[in-house]
Amino acid sequence: MSRSGPAVLLEDYGAGPRLAELEAAPPGPGEILVEVEAATVCGTDVHIARGTFARLARLPLVMGHEGCGRIVELGPGARADAAGAPLALGDLIVWAHNWCGACYYCAVARQPTLCANTMGYGWGPYGGRLNGTFSRYLHVAAASRVLRVPGGVSPALASSSTCALRTVMHALDRLPPIRFGHTAVVLGAGPVGLYAAAAATAAGAHQTVLIGAPANRLAAAESWGLTARIDIDGTSPAERVEAVRQLTSGRGADLVLECAGPPGAFSEGVEMVRKGGTLMVIGQAHGELVPVDTTGLKVRQITVASTLSADISHFRDALCFLERHGQRFGFSRAMASETYPLERVGEALDAMAAGREIKPVIDPKLTDRQ
Ligand SMILES: [Zn+2]
Ligand SMILES: [Zn+2]
C-alpha cells in the first residue's frame, strides 16, 4: 500500500525545521512501518535543530528520536519482539537505535551503545526511510530491536522511556546494586534526573536527594518521598555540598548520579561523593575541559563511571519500571506536559529549551485536525 504523511524535516540550520509530506515506502525485509502514536521532545532535539551537534547530525534529517508507534505494516520475515512476544498489526512498540551486532563493541565487548556502525533515529540522514519520530510514519530498521509496550503504560510515557529512562536504566546496570543504607544524590532535575531520582528511590536507597532547577521541575517530584529537593537557583555549590554532608554525617553520598549537563555539575559531584563512592556521569554534554584533582580522586578512592544511551535490555527495564512504578510516582502528571501537533514542533522545542515543560509530547495524529 502506498502511504505518505507529514514529517518535520531539517535541511538547513539557518532555516530551521519545516513540515514536509514524505512517502512511507512499504517496509523491506525485517523492517516495520509504524504510525507514530506519541513522540517526546528532548534537550538533544533542541541542540540538533540549532546546529550544536552539526558534527554528528547528518542533514537532511527527519527530527525526533523519542517515540512509540503502532505497527501498520510488517516487512517480509516473521518478527518477534526482543522479549520473544510475537508482533502483529496494531501492536504499540518502541525500538532501540540500529546497531550492527557484528563489530567488536557489539559482539565482543557487549556494549552496543559503542557500536562503530550505528544509525540513530532523529540524527539523519533522510534517504527515503522515515527515521525520525516527529513524523506520521516511521520505518523501524531491520537491525533495530523492538519491544511491545505493556498495556498499562501510556504512549507518551512509553515515548519518554526511549531516551531519558532507558539511559537511567543503563546507568544503574553499570553500577553495583543500590543498597538499603545508601544515600543517592541526583544532580539535574530534567527528565533524566527526575527518572534517576525515582529509580534510586524505588531501588531502595535510604536517602535520595534531588538537586536542580527550575522550581517547576523540582515540584514534579514533590510527592515522591525524596529526602531533600535543593534548588540550584539561590544556593551556592558550597552550600549544596554542605547540605549533602549534613545528611550523611559529614561523609558524602554513596552514589552521585550526574544528570545535569554543565561542567560545574561534574566538579560538584566529585565534592559530594563520599570516600570510596561512585560518581556516575550521565548528563555532561558541554565539550569543555573540567579541572579535576586526580590525586584527590585516587586518595579518596572515587570511582568515576559514565553511560551513554542504552541497549534493548535497558528499554525493557524502563518499560517494566513504568508498568510497576508509574502510578506510584504519578509520571503521567509529573513528566508529560502539553501535547503539540507536528506544525507546532518549533514551539515545543522552545518550551523545552526554556525549561517551561519537562517532556513536551508530539502527537502526529493531531495534525489532521488543525
Ligand atoms: Zn532524548
Ligand atoms: Zn556494532
Among (1) over 30 Å from VAL8 (Cα atoms); (2) touching a Lys or Arg at 6+ places or on another chain (Cβ under 6 Å) - the single one THR278 does not satisfy: (2)
What pairs come up if the first residue lies in region 112-123 and is in the same structural domain as ALA39 (by TED's automatic domain parsing), the second is among the acidic types (Asp, Glu) and buried (at least 18 other Cβ atoms within 10 Å of the Cβ), and their beta carbons are under 9 Å apart, counting only those six or more places apart or on different chains? PRO112/ASP311; THR113/ASP311; TYR121/GLU66; GLY122/ASP45; GLY122/GLU66
If only one of GLY264, GLY277, GLY296, GLY250 is within 22 Å of the chain's Cα centre (by Cα), more than 30 Å from ALA158 (Cβ to Cβ) and modelled with pLDDT of 95 or more, which one is it? GLY264
Neighbours by Cβ (under 7 Å, 6+ apart or cross-chain): first from region 212-228, closer than 17 Å to VAL256 by Cβ; second hydroxyl-bearing (Ser, Thr, Tyr): LEU226/THR201; LEU226/THR208; THR227/THR208
In region 329-343, which residue that is in contact with a helix residue (DSSP H, G or I) (Cβ under 9 Å, 6 or more places away or on another chain) and assigned to a helix (DSSP H, G or I) is nearest to ALA200 (Cα to Cα)? PHE329
In region 340-359, how many are surrounded by fewer than 18 Cβ atoms within 10 Å (Cβ to Cβ) and not basic (Lys, Arg)? 7
Of the residues that make up region 149-156, is at least one in a loop (DSSP other than H, G, I, E, B), under 30 Å from PRO29 (Cβ atoms) and either among the β-branched types (Val, Ile, Thr) or within 16 Å of ligand 2 (Cβ to nearest atom) (or both)? yes
Of the conditions (1) within 13 Å of ligand 1 (Cβ to nearest atom); (2) touching a Cys at 6+ places or on another chain (Cβ under 8 Å); (3) small (Gly, Ala, Ser), ALA38 satisfies every one except a single condition; which number is it? (1)
Restricting to region 160-204, what's the tally of residues that are within 15 Å of ARG217 (Cβ to Cβ) and surrounded by 24 or more Cβ atoms within 10 Å (Cβ to Cβ)? 14
Filter result (away from ligand 2 (no atom under 16 Å from the Cβ), under 18 Å from HIS139 (Cβ atoms), out of contact with any helix residue (DSSP H, G or I) (no Cβ under 7 Å at 6 or more places or on another chain) and in a strand (DSSP E or B)) within region 60-108: LEU61, VAL62, GLY69, ARG70, ILE71, VAL72, GLU73, LEU74, ILE93, TRP95
Under the condition of being among the charged types (D, E, K, R) and surrounded by 15 or more Cβ atoms within 10 Å (Cβ to Cβ), which residue from region 267-300 is nearest to GLY193 (Cα to Cα)? GLU268
Which residue is farthest from ligand 1 (Cβ to nearest atom), if the candidates are limited to region 58-94 and must be over 23 Å from THR118 (Cβ atoms) and of a type outside the set (A, V, I, L, M, F, W, C)? PRO76
Any hit, region 236-247, residues being over 21 Å from ARG274 (Cβ atoms), at pLDDT 95 or above and of a type in the set (D, E, K, R): no
Top-ranked residue of region 137-148 - restricted to ones that are in a loop (DSSP other than H, G, I, E, B) and either of a type in the set (A, V, I, L, M, F, W, C) or more than 30 Å from ALA348 (Cα to Cα) (or both), ranked as nearest to ligand 2 (Cβ to nearest atom): ALA143
When only residues in region 109-136 that are more than 10 Å from ligand 2 (Cβ to nearest atom) and of a type in the set (A, V, I, L, M) count, which is surrounded by the fewest Cβ atoms within 10 Å (Cβ to Cβ)? MET119
Show the residue pairs that are 6+ apart or on different chains and have beta-carbon atoms under 7 Å apart, the first residue being within region 30-53 and modelled with pLDDT of 95 or more, the second being more than 16 Å from ligand 2 (Cβ to nearest atom) and acidic (Asp, Glu). LEU33/GLU73; ALA38/ASP363; ALA39/GLU66; THR40/GLU66
Considering only region 17-52, how many residues are surrounded by fewer than 15 Cβ atoms within 10 Å (Cβ to Cβ) and not in a strand (DSSP E or B)? 4
Matching option when the condition is on the phi > 0 side of the Ramachandran plot, in contact with a helix residue (DSSP H, G or I) (Cβ under 8 Å, 6 or more places away or on another chain) and either outside the structural domain of ALA318 (by TED's automatic domain parsing) or in a strand (DSSP E or B) (or both), among GLY225, GLY234, GLY250, GLY264: GLY225
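The values are calculated or read from the model by the stated rules, or taken from the named source; none is laboratory data. Keep in mind that this is a model prediction, so the values were computed, not measured. In this analysis, Cβ positions are derived from the backbone assuming ideal geometry, glycine residues included, and neighbour counts consider all displayed protein chains.
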